[in-house]
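These notes are about the structure you will find just below.
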Amino acid sequence: VLDKLISFSIPLMLSSILQLLFNAVDIVVVGRFSGSRALAAVGSTTALINVFTNLFIGVSLGANVLAARFYATKQEKQMSETVHTAVTFALISGIVMVFVGLFFSKAALLLMDTPSDVIGQSALYMRIYFAGMPFFMLYNYGAAILRAVGDTKRPLFFLIIAGIVNAALNLFLVIVLHLGVAGVAIATVIAQMISCLLVLRCLYRSDGSYQLRFSAMTIKWIYLKQIFQVGIPAGIQSTVI
């Protein structure tokens, strides 16, 4: 059993690390090429972004657990409905988070006593970053479904591709186009979009009970409730830590 646990868990751990490194790469690039003020602007958002990142990764665990249960017991109808409920909820909650980021980023930064000389750039970074929340949410819930059927390698592979794109775009947008804080945020959103599209394509092209059909996207409250029962405590725990 040990070798199976290790082969399953290592890609999972690397995926979590990579997602947290997106913001870290942004900090490195602006620090090297845009100066200390841009570095402070992006750095001041790290705590808030990590809170939301850990929260939503934790909540997606609920979809992972529920899908794994139905997949293991070969309940194909319930598995399919769980997949479509999870993806639909991810899309809706991602869109809600776009508006949360647009309207509350500055207030949250003021609450953290962010220095006045960087708060404008910090708020700009967070607003652009949150514009990519639908992609972030769809990736995490899609990846949770793949992990539920025992596939931890492809979600990691998709994140590696997105990470390379993020680093390359960071350098291009900051060094060549001189976009500074906005540039690294845009690069992150594009990278998240790529990882999201790769996961959705993977689910769409699958042949099993976890196949995604966009015409079948809906929310079944009985499954959403079960996702929350597992996911919300896990998300809160990650956020508190």
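Here are some notes:
- The alpha carbon centroids of region 23-40 and region 152-217 are separated by 21 Å.
- With contributions of -39500 (n - 2.57) from each DSSP H run of at least four residues, the per-residue ellipticity at 222 nm computed over the chain stands at -28500 deg cm²/dmol.
- Surface per residue (accessible, 1.4 Å probe) for region 82-159, Å²: 38 Å²
- Karplus-derived HN-Hα couplings along region 145-159 (A = 6.51, B = -1.76, C = 1.60, θ = phi - 60°), whole Hz, x at Gly and Pro: 5, 4, 5, 5, 9, x, 9, 9, 7, 5, x, 5, 4, 5, 5
- Electrostatic dipole magnitude of the chain [Cβ: Lys, Arg +1; Asp, Glu -1; Cα centre; debye, to 20]: 460 debye
- Per residue, the average separation of C-alpha pairs within less than 8 Å and at least 6 apart gives the chain a relative contact order of 35 percent.
- Here the calculated FRET efficiency for Arg213 and Ile6, from their Cβ-Cβ distance with R0 = 35 Å, stands at 0.50, rounded to the nearest 0.05.
- In sequence order, region 211-224 has phi-based couplings of 5, 9, 10, 5, 5, 9, 5, 7, 10, 9, 5, 4, 7, 4 Hz under the Karplus curve 6.51 cos²θ - 1.76 cosθ + 1.60, θ = phi - 60°, and Gly or Pro positions carry x.
- Extension gain for the segment Lys77 to Thr46, taken as residue separation times 0.36 nm less the Cα-Cα distance, is 7.1 nm to one decimal.
- Ranking Pro11, Ser80, Val25 by how far each Cα lies toward the positive end of the dipole of the chain (charges on Cβ) leaves Ser80 at the top.
- Over all other residues within a Cβ to Cβ distance under 14 Å of Glu81, the charged ones net out to +4, with Lys and Arg as +1 and Asp and Glu as -1.
- Extended-chain gain in nm, criterion 0.36 nm per residue less alpha-carbon gap, His178 and Val100: 25.3 nm
- Kirkwood Rh and Cα Rg combined as Rg/Rh, region 27-149: 1.12
- One way to sum up the overall shape of the chain is the equivalent ellipsoid from its Cα gyration tensor, whose semi-axes run 33, 19, 16 Å, largest first.
- Solvent-accessible area, 1.4 Å probe, carbon plus sulfur percent, for the chain: 70 percent
The values are calculated or read from the model by the stated rules, or taken from the named source; none is laboratory data. Here the structure is a predicted model, which means the values were calculated and not measured. Positions of Cβ are generated from backbone atoms using ideal geometry, with glycine treated the same way; all protein chains shown enter the neighbour counts. Please note that ligands, DNA and RNA were not included when accessible areas were found on the heavy atoms of the full protein model with its side chains. Shrake-Rupley method; radii C 1.70, N 1.55, O 1.52, S 1.80 Å.
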